Amino acid sequence: MMYRCVTQRNYSLDCAGERALQERQRQHMARGLPKQKPIAGVKEVIVVASGKGGVGKSTTAVNLALGLMANDQSKSVGLLDADVYGPSVPKLMNLKGNPELTDKNLMRPLVNFGIPCMSMGFLVEEVAPIVWRGLMVMSAIEKLVRQVDWGNLDYLVIDMPPGTGDVQLSITQNIPIAGAVIVSTPQDIALLDARRGAEMFRKVNVPVLGLVQNMSVFQCPKCNHQTHIFGLDGAKELAQTLGVEMLGDIPLHLNIRETSDKGQPVVVSSPDSPEAEAYRRVAAAVVRRLAEHLR
Amino acid sequence: MQQNKRKLNKGNLHQVKHVVLVLSGKGGVGKSTITTELALALIHAGKKVGILDVDLCGPSIPRMLRVGKPEVHQCDAGWVPVYADPQQQLAIMSIGFLLEDSDEAVIWRGPKKTALIGQFVSDVAWGELDVLLVDTPPGTSDEHLAVLENLRKHRVDGAVLVTTPQAVSTGDVRREITFCKKTAVKILGIVENMSGFVCPHCSECSNIFSKGGGEELAKLTGSVFLGSVPLDPLLAASLEEGQDFLQAFPDSSTYTAISQIANTLLSSLDA
């Protein structure tokens, strides 16, 4: 067998040439992209993303939405579950059932704890897998965004799926987004993907409001010994490297998982707990960052 | 010459005895972790193993096995996999090896992903392998369909499903089980990961992510329950460093759990 070395770059460009090429590519791409259209009635859209799966995006999105309302009762907040393949919002918000249609043929979001929600989970059976390729997913996202009677909302929190693929592209290309909250655990393996997530938002010009370090530390209920199961402060270091703010630090607490499984998010079921307080602090930081960015 | 080339290209999977998908549906339950640990357990049992990492957006395998950023070479039969050890017992292919910059985000739509996965399946010269483990991303999308379609010409022994015990995870894994049934992929078993945390200080067991959800799911769906793996900070730390956890901590309960799962898996493959 003959082995041939194949490296990624078979040619070398000088710096100036490369910059010119990138500029040409950027202009070319800018021409072809779909126009962003705001969602009727929604003032600001906040996406909760990560890149890595299972770091707590949905849990954070749900408690962030509730936190935003808890901090300011006059604000109206909605929640869109864009995770088409693994919709967690129905479980976390204790909502079930097919949405009704309004006269204008728009889907009426299901409401719990004062938050109107829309999710693929309301449109399919609980055990049915969504085995869809990218194109169908794009069309579904379009429906979940535009064909819903959101009413007037101050904030729409969008719970993104893991990864950096079709859903992320469809949403960021079609809707103007006020900012992105990136969730990660302290583990390097999660941070690697969170970095890619941040890079993706930079490429599509979505401002990153900051990082949330989730599952930061576990306190043994018996002896109070603290264990950093997933590592120590990794997300804080990443925030520094990326030049973004730390929006908050959420501990790993049984209460969060227990209340989530019951569909009674911790911000409403245990509002005085330190975990709920942590989420409310994240919500306050998000509002502050949004205001900073507008200026 | 042309005929010879076609013969070679016909069977890149020809000498691979077993192909096992590691699926979940839910993100972050430990698919890559379980894939890595199963691979290491099988190697310690004397098997030749390959890992195909088709998580294009979040390739974790290169980091977990500390293979760094090697160059990927080509031969007549296609790409040469990267070997994690000098004895060439563990072969790996991942998009992580093809990226210029490890922070680079792969923001691709479906068709592009499908094309690359097609290449990963048919154009990697795996050679002789006892088991090829396929680490997948969460969900049931282009990557999963691409892998199944391309493996159709060969044979998929089945899938190992990984879940954590909590309801949001088992809910997604139920969908994945339905996916397997619809695509005629045999479910080799369910692994319940992050099942209970033992405080290193006082040994009190806390069910941070609940407990028993995976076992219940197996009963509910009539699948084999392969075993539970506890939430072990030492395992997490080993993976961060790309260390062989099984060699470093052979006395831990996690080691026992993983070895048992690997043995059960091997028996069902050889049966």
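The values are calculated or read from the model by the stated rules, or taken from the named source; none is laboratory data. Keep in mind it's a predicted model, so treat the numbers as computed, not measured. Note: ideal-geometry Cβ built from the backbone for every residue, glycine included; neighbour counts use all protein chains shown. For accessibility, only protein heavy atoms count, side chains too; no ligands or nucleic acids. Shrake-Rupley method; radii C 1.70, N 1.55, O 1.52, S 1.80 Å.
Among the residues of region B:238-255, those that are assigned to a helix (DSSP H, G or I), more than 16 Å from residue B:49 (Cβ to Cβ) and within 19 Å of the chain's Cα centre (by Cα) comprise B:238, B:239, B:240, B:241, B:254, B:255. Checking each residue in region A:123-136 for being over 19 Å from residue B:178 (Cα atoms) and at pLDDT 85 or above picks out only A:136.
For beta carbons closer than 6 Å, sequence separation of 6+ or different chains, a first residue in region B:40-67 that is open to solvent by 10 Å² or more (accessible area, probe 1.4 Å) and a second that is assigned to a loop (DSSP other than H, G, I, E, B) and of a type in the set (D, E, K, R), the qualifying pairs are B:40/B:244.
For the condition in contact with a helix residue (DSSP H, G or I) (Cβ under 8 Å, 6 or more places away or on another chain), more than 14 Å from chain B (Cβ to nearest Cβ) and not in a loop (DSSP other than H, G, I, E, B), residue A:47 qualifies. For region B:73-86, filtering for residues that are open to solvent by 10 Å² or more (accessible area, probe 1.4 Å) and either within 21 Å of the chain's Cα centre (by Cα) or of a type in the set (Gly, Ala, Ser) (or both) leaves 7.
Annotation: of all residues in region B:81-105 being aliphatic (A, V, I, L, M) and part of a loop (DSSP other than H, G, I, E, B), the one that is nearest to the other protein chains (Cβ to nearest Cβ) is B:105. Just one of the listed residues (A:96, A:57) is open to solvent by 50 Å² or more (accessible area, probe 1.4 Å) and charged (D, E, K, R), namely A:96.
Sub-6 Å Cβ pairs linking a first residue in region B:207-235 that is of a type in the set (D, E, K, R) to a second residue that is assigned to a loop (DSSP other than H, G, I, E, B), at least 6 apart or interchain, are B:211/B:165; B:211/B:195; B:211/B:196, ordered by first then second residue. Restricting attention to region A:170-206, the residues being farther than 25 Å from residue A:23 by Cα and of a type in the set (Asp, Glu) number 2. Looking only at residues in region A:161-176 that are more than 11 Å from every other protein chain (Cβ to nearest Cβ) and part of a loop (DSSP other than H, G, I, E, B), the one that is surrounded by the fewest Cβ atoms within 10 Å (Cβ to Cβ) is A:176. Going residue by residue through region A:114-123, is there one that turns out to be under 24 Å from residue A:275 (Cβ atoms) and surrounded by fewer than 18 Cβ atoms within 10 Å (Cβ to Cβ)? Yes - at least one qualifying residue is present in region A:114-123.
In region A:244-291, what count of residues is obtained for those that are open to solvent by 70 Å² or more (accessible area, probe 1.4 Å) and free of Cβ contacts under 8 Å to residues at least 24 places away in the same chain? The total comes to 5.
Is it the case that region B:95-102 has a residue that's farther than 14 Å from residue B:60 by Cα, crowded, with 23+ Cβ neighbours inside 10 Å and out of contact with any Cys (no Cβ under 9 Å at 6 or more places or on another chain)? Within region B:95-102, not a single residue is farther than 14 Å from residue B:60 by Cα, crowded, with 23+ Cβ neighbours inside 10 Å and out of contact with any Cys (no Cβ under 9 Å at 6 or more places or on another chain).
Can you spot a residue in region A:257-268 that is closer than 15 Å to residue A:55 by Cα and facing another protein chain (nearest Cβ under 8 Å)? Looking for residues that are closer than 15 Å to residue A:55 by Cα and facing another protein chain (nearest Cβ under 8 Å), one finds at least one in region A:257-268, hence yes. Against the condition at pLDDT 95 or above and open to solvent by less than 20 Å² (accessible area, probe 1.4 Å), how does residue A:189 come out, does it pass? No: the conditions fail for residue A:189. Counting only helices (runs of 4 or more DSSP H) that fall entirely inside region A:246-295 and contain at least 3 residues that are of a type in the set (Asp, Glu), the qualifying elements are A:274-294. Among the residues of region A:193-216, those that are surrounded by 21 or more Cβ atoms within 10 Å (Cβ to Cβ), of a type outside the set (Gly, Ala, Ser) and facing chain B (nearest Cβ under 10 Å) comprise A:193, A:195, A:196, A:200, A:201, A:215. For region B:23-47, the tally of residues that are within 22 Å of residue A:59 (Cβ to Cβ) and not in a helix (DSSP H, G or I) stands at 7.
Scanning region A:217-243 for residues that are in a strand (DSSP E or B), closer than 20 Å to residue A:60 by Cα and open to solvent by less than 60 Å² (accessible area, probe 1.4 Å) gives a single hit, A:218. Restricting the first member to region A:86-110 and to residues that are on the phi > 0 side of the Ramachandran plot and touching a residue at least 24 places away in the same chain (Cβ under 8 Å), and the second to residues that are open to solvent by 20 Å² or more (accessible area, probe 1.4 Å) and in a loop (DSSP other than H, G, I, E, B), the beta-carbon pairs closer than 8 Å and six or more apart or on different chains are A:94/A:264; A:105/A:147.
Just so you know, in region B:210-234 the residues that are open to solvent by 20 Å² or more (accessible area, probe 1.4 Å) and in a strand (DSSP E or B) include one that is nearest to residue B:245 (Cα to Cα), and it is B:228. If only residues of region A:60-73 that are of a type in the set (A, V, I, L, M, F, W, C) and either open to solvent by less than 10 Å² (accessible area, probe 1.4 Å) or over 23 Å from residue A:176 (Cβ atoms) (or both) are counted, the one that is nearest to the other protein chains (Cβ to nearest Cβ) is A:62.
Is there a residue being buried (at least 19 other Cβ atoms within 10 Å of the Cβ) and free of Cβ contacts under 8 Å to residues at least 24 places away in the same chain anywhere in region B:241-249? No, the conditions are met nowhere in region B:241-249.
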